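Throughout, read-outs are computed from the coordinates displayed, never taken from laboratory work. Everything numeric in this text was worked out from a predicted model, so none of it was measured. Reconstructed Cβ throughout: ideal geometry from the backbone, glycine too, with neighbour counts over all protein chains shown.
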Amino acid sequence: MERPYPCDVCHNTFRDTGSLKVHQCVHTEERPYRCDMCNKTFKILRILKAHQRVHTGERPYHCESCNKTFSNKGDLTVHQRVHTGDRPYSCDVCKKSFSKKSSLKVHQRLHTGDRPYSCDVCNKTFSDLGNLKGHQHLHTGERPYSCDMCNKTFSNISNLKVHHRLHTGERPYSCDVCNKTFSFSHSLKGHQRVHTGERPYRCDVCNKNFSLISNMKKHRRLHAVDVNV
């Protein structure tokens, strides 16, 4: 298909002038589309429209597997990979794969050591912007994310999402050996040690090893009882 309209900055080509104009906002600071409810501005009209659903509560996209609803189509597409197991984004260093491109980018910083986000209060650095925002709530005491089922509040949205699974029963993490499913990634990791035999947690009193840190801590209390007796 012919793409006769080139960008004079990066030389990408486009099918029509409208697409070219939208793209050119990437190279400028121009954000011509403004939300009339919160005044947040956007470079692209469709992103503004998706944002406005935050205010209206509209969630027009629904998963046919579990009926979960979403405010934008991209989130639905990513969610559906929970059911399909599709992880199309792969790290070229360790080959770990991800369902979201953004997750791959954050993961790659483990290899590069890049931590581009810095807290302006304590200067702690983070590889992920979401982690920085969650961290900043420790300084402010803010807990802006509320569970719509039990009203429990959280300082970051990822903790809220994990908490939601207590209500929904969603178990998105599956063992590739026995297919047992789990609500939390750390539960899956602990379970996988049943298959691998790995016991990375060691009691510093008697050197006994454990596959779960919770079991090691429980065991450690036995030594404390012995000392008190």
Calculated [θ] (222 nm, deg cm²/dmol) that DSSP helices of n ≥ 4 give over the chain, each run adding -39,500 (n - 2.57)
-13000 deg cm²/dmol
Karplus-derived HN-Hα couplings along the range 174-190 (A = 6.51, B = -1.76, C = 1.60, θ = phi - 60°), whole Hz, x at Gly and Pro:
10, 6, 7, 9, 10, 6, 5, 10, 9, 7, 10, 5, 5, 5, 4, 4, x
Measure out, as a whole number of angstrom, how far apart the alpha-carbon centroids of the range 152-188 and the range 1-65 sit.
32 Å
Any residue on another chain or 5+ positions along whose placed amide H is under 5 Å from the amide H of K40 is listed here as C35
Taking 8 Å as the Cα distance limit and 6 or more residues as the minimum spacing, I'd like the relative contact order of the chain as a percentage.
5 percent
Let me understand the range 186-228 better: what is its radius of gyration from the alpha carbons, and its Dmax, in angstrom?
11.6, 37
Can you give the FRET efficiency to the nearest 0.05 for N67 and C38, using r as the Cβ-Cβ distance and R₀ = 25 Å?
0.30
